[in-house]
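Step one of this worksheet: look at the structure below.
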Amino acid sequence: MKRNVISIVTAVILGSTLLSGAGKEVQIAEESLGLSKVSVDADTGLVEKPFVYKGTAPGAGNKRIPRTYDNQPPMIPHDISELPIITQEENICTSCHMPDVAPSVGAIAVPKSHLTNLRNMTDLKGELYQGRWNCTQCHAPQAELDPVVMNKFKGAYHKKIGGEYKTNLMKTLREGVIEDPSGSFDLNKDLVAD
């Protein structure tokens, strides 16, 4: 009985303490929410610093940027700010990066994955798959910046299967899939392990 009374009194005290604090609103200053130390609504006091992209114009001997993980889309090692906007009808990137042109201009050719319809694994015989026209959806130029917070990210990849400058995406896509001898996929067949 004594124990029940103590439990009830404790519950009443605890409940009244919680209810008395529930009406208090805790204020957090907007200036403490981000790195800029100004109000989140401020449009003044924020200075956009000018920046330049790594590398120079396309084709000027720019250095490749190492990948940071297996099959990462490569970064663009040159400035693209002066190039026309990429559309499905007009894509200036393909004028240098298609496999038939790339070696002659010193560019990196688009990989086999861009020349394949990955939905049905059809080789498009050197034609760019139309789902791949928007290059900057995956590839981005890198700017030279003095960031507020330094990035300490360390890349990790398996040198045996990918590496700093290579990809094994087509092999990875086929992993676990048994192909028929003709080299095409038959989605209606049961897959049988070797």
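Here are the numbers:
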| quantity | calculated |
| --- | --- |
| Karplus-derived 3J(HN,Hα), 6.51/-1.76/1.60, for each residue of the range 167-172, Hz, glycine and proline x | 10, 10, 4, 4, 5, 5 |
| Protection proxy ranking of 100-109, 142-151, 62-71 - average other beta-carbon atoms within 10 Å, highest first | 62-71, 100-109, 142-151 |
| For Tyr129, distant residues with modelled amide H under 5 Å away | Leu115, Thr116 |
| Sequence-distant residues sharing a close amide H with Ala140 (under 5 Å, placed H) | Ile76 |
| Distance in nm between pseudo-label sites at Arg64 and Asn4 (7 Å out along the Cβ direction from Cα) | 8.0 |
| Long-range amide H partners of Tyr53 with built H, under 5 Å | Glu144 |
| Above-threshold pairs, the threshold being 22 Å between Cα atoms, out of Lys63/Lys154; Lys63/Lys166; Lys112/Lys152 | Lys112/Lys152 |
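Every number here is computed from the coordinates shown, using simple stated rules; none is lab data. These figures come from a predicted structure and were not determined experimentally. Here the Cβ is made from the backbone with ideal geometry for all residues, glycine too, and neighbour counts use every protein chain on show.
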